[in-house]
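One structure, pasted below without further comment.
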Amino acid sequence: MPNIVHVVGTGTIGEPLIGLLCHLKNELGLDEITFNKRTPLYTDRSKVQDLLQRGARLATGDEAMSGFEKLGMLPTFETAEAIERASVVIDCTPSGAGIANKESLYSSASGVKGFIAQGSEFGFGKMYARGINDAALDPREDRFLHVVSCNTHNLAAIIQTMACDNGRRMDNLVSADFVCMRRANDVSQDAGYAPSPQVGKHKEESFGTHHARDAYHLFQTLDIEFPRLFSSAVKLNSQYMHTLRFHLRVQEPTSVSRILEQVKENDRLALTYKKSANQVFSFGRDHGFFGRILNQTVIPHETLTVVGDHDIYGFCFTPQDGNSLLSSVAGALWLIEPDEYEERLQVLGRYFFAEV
């Protein structure tokens, strides 16, 4: 059977994911990339036509077929047909739509090896972040995966690397507190811009926001209990990158030099002398895959400090598209061939940076 990855949605994650899969299709061991778009729009025609030229094949609902054809975008498959013939389906639709699609479309598609949802889809399936909980994936039971949000990737990577010595001392963390300073919207989006900083509610009991809650459940897939995780969120009037401020308390004494050694050991984390989001964003635009850095976080190491040998403070930037793209590709390859996905993923190594 051919290895077919079907992507649902062409937004800020879906569009670059389709492009990445098309560009590296042969190296990743894939035979075909298909994608679903629901509504035919003149404003989206240029990107859809470009994705078609890069080898992807379009699917849509029966009711939208003629609309796409009139605009010069020729669908090959109907929505349900594209899902049924896929090896893996990656849902990149807006928040909450993935769970609705699971109920209406995915649960009955018995021939598909697995399904992946993005971001705020709590309850879709086993939470996953590349390099954090790969060991928790079980081919006998995991058919639905939930790639956690970009900031949850960042939280988890900081905890695992700095507090837990890259996973060797998972009992070393005492507590972790994060302030997620979120960009207002993506540079591709017109709606949702914040004219001034907007603080968020602490809606999650004992965790603050969903970022810490999701990190807690992510580590729980490894039977690791981190009850003292807390996060806050504020939306800033910027379109560049999310920024995190963190405070980790650890049991064993540590130092900035020790933390830097731990970070350098992990190729999913990058260090930088840059201290502004626009400079890090610009580096990704010029050197990443179509503007994306695939590292899970970028740390301005001059902001790191340790107080009293046990309290770690610092800032880091979230490559919001990059870490989600990485985990989506990793999850898809794992669902297709669990024994070979690590080897196939190495092709993405060129888009990781030790220094930004």
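The values are calculated or read from the model by the stated rules, or taken from the named source; none is laboratory data. In this text the structure is predicted, and so the values were computed from the model without any measurement. Please note: Cβ atoms are built from the backbone with ideal geometry, for glycine as well, and neighbour counts cover all protein chains shown.
For (1) among the small types (Gly, Ala, Ser); (2) farther than 23 Å from Val263 by Cα, each residue gets a yes or a no:
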| position | (1), (2) |
| --- | --- |
| Arg130 | no, no |
| Asp142 | no, yes |
| Leu155 | no, no |
| Ile158 | no, no |
| Ala176 | yes, no |
| Pro195 | no, yes |
| Ser206 | yes, yes |
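Does region 282-330 hold any residues that are in contact (Cβ under 8 Å) with a residue 40 or more places away in the chain, more than 18 Å from Val263 (Cα to Cα) and among the charged types (D, E, K, R), and which are they?
The answer is Arg292, Asp321.
Okay, next question. Among residues belonging to region 241-282 that are surrounded by 20 or more Cβ atoms within 10 Å (Cβ to Cβ) and either aromatic (Phe, Trp, Tyr) or not assigned by TED's automatic domain parsing to the domain that holds Asp165 (or both), point out the one that is farthest from Leu326 (Cα to Cα).
Restricting to residues being surrounded by 20 or more Cβ atoms within 10 Å (Cβ to Cβ) and either aromatic (Phe, Trp, Tyr) or not assigned by TED's automatic domain parsing to the domain that holds Asp165 (or both), the top hit is Phe246.
Is there a residue in region 181-200 that is within 14 Å of Gln160 (Cα to Cα), basic (Lys, Arg) and in contact (Cβ under 8 Å) with a residue 40 or more places away in the chain?
no
Mind telling me which of the residues Ala64, Ala86, Ala59, Ala80 ends up being small (Gly, Ala, Ser) and under 25 Å from Phe122 (Cβ atoms)?
On inspection, the qualifying residue turns out to be Ala86.
Only residues in region 221-248 that are farther than 28 Å from Arg285 by Cβ and in contact (Cβ under 8 Å) with a residue 60 or more places away in the chain count as the first member; pair them with residues that are surrounded by 15 or more Cβ atoms within 10 Å (Cβ to Cβ) and acidic (Asp, Glu), Cβ under 7 angstrom, at least 6 apart or cross-chain, and list the lot.
His247/Asp177; His247/Asp311
In region 127-168, what residues are charged (D, E, K, R), in contact with a helix residue (DSSP H, G or I) (Cβ under 7 Å, 6 or more places away or on another chain) and within 16 Å of Ile90 (Cα to Cα)?
Listed by number, the list holds a single entry, Arg130.
What is the residue count in region 29-57 for residues that are among the aliphatic types (A, V, I, L, M), touching a helix residue (DSSP H, G or I) at 6+ places or on another chain (Cβ under 6 Å) and surrounded by fewer than 22 Cβ atoms within 10 Å (Cβ to Cβ)?
Residues meeting the conditions: 0.
State all residues of region 298-340 that are in contact with a helix residue (DSSP H, G or I) (Cβ under 9 Å, 6 or more places away or on another chain), within 22 Å of Glu265 (Cβ to Cβ) and either part of a helix (DSSP H, G or I) or acidic (Asp, Glu) (or both); if no residue qualifies, say none.
The answer is His301, Gly322, Asn323, Leu326, Ser327, Ala330.
Restricting the first residue to region 108-132 and requiring it to be assigned to a strand (DSSP E or B), which pairs with a second residue that is among the acidic types (Asp, Glu) meet a Cβ separation below 7 Å and a spacing of at least six or different chains?
Listed by first residue and then by second, the contacts come to Phe115/Asp91; Ile116/Asp91; Ala117/Asp91; Gln118/Asp91; Lys126/Asp142; Met127/Asp214.
Also, I was wondering about something else. Considering each of Gly67, Gly61 in turn, give the residue that is at pLDDT 95 or above and under 19 Å from Cys92 (Cα atoms).
Unique residue meeting the criteria: Gly61.
Say we look at region 29-73 and pick out the residues that are in a strand (DSSP E or B) and of a type in the set (S, T, N, Q); which of these is farthest from the chain's Cα centre (by Cα)?
Residue satisfying both the conditions and the ranking: Thr60.
Same structure again: Please give the number of the condition Pro253 fails out of (1) outside any helix (DSSP H, G or I); (2) within 18 Å of the chain's Cα centre (by Cα); (3) more than 24 Å from Arg183 (Cα to Cα); (4) of a type outside the set (D, E, K, R).
Result: Pro253 passes all but (2).
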